[in-house]
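Have a look at the structure that comes next, please.
The values are calculated or read from the model by the stated rules, or taken from the named source; none is laboratory data. Just so we're clear, the structure is a prediction, and the values are computed from it rather than from any experiment. Positions of Cβ are generated from backbone atoms using ideal geometry, with glycine treated the same way; all protein chains shown enter the neighbour counts. In case anyone asks, the SASA skips ligands and DNA or RNA and just uses the protein heavy atoms, side chains included. Shrake-Rupley method; radii C 1.70, N 1.55, O 1.52, S 1.80 Å.
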Amino acid sequence: MAITGVLFDFSGTLMRIESPEEWLRGGLAELGAGPELLPDGDLGAAAARLARAGAQPGRPAPERVPDHL
């Protein structure tokens, strides 16, 4: 298979790398959910669970995939 093109991305031009906390905070903001829904302490714990589940695009695969999936 011949390579017909190469795509380079530098410093967030096409894709942005965000921490799981930033990603979750941004998603909640898009939904209009304020900090009272998920205070900072809870936000960090929820973001860590999402990261372990492989929920963030471009991040590592989940630690474990449930059997029913």
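Scan the range 27-47 residue by residue and report those that are open to solvent by 40 Å² or more (accessible area, probe 1.4 Å), in a helix (DSSP H, G or I) and at pLDDT 85 or above.
Hits for the range 27-47 are Ala29, Glu30, Asp42, Ala45.
Which pairs do you get when a residue that is within 13 Å of Leu38 (Cα to Cα) and at pLDDT 80 or above, found in the range 13-26, comes within reach of a residue that is surrounded by 13 or more Cβ atoms within 10 Å (Cβ to Cβ) and not aromatic (Phe, Trp, Tyr), reach meaning Cβ atoms under 7 angstrom, with the pair 6+ apart or on two chains?
Close Cβ pairs satisfying both conditions: Glu21/Leu43; Glu21/Gly44; Glu21/Ala47; Leu24/Leu43; Leu24/Ala46; Leu24/Ala47; Leu24/Leu50; Arg25/Leu43.
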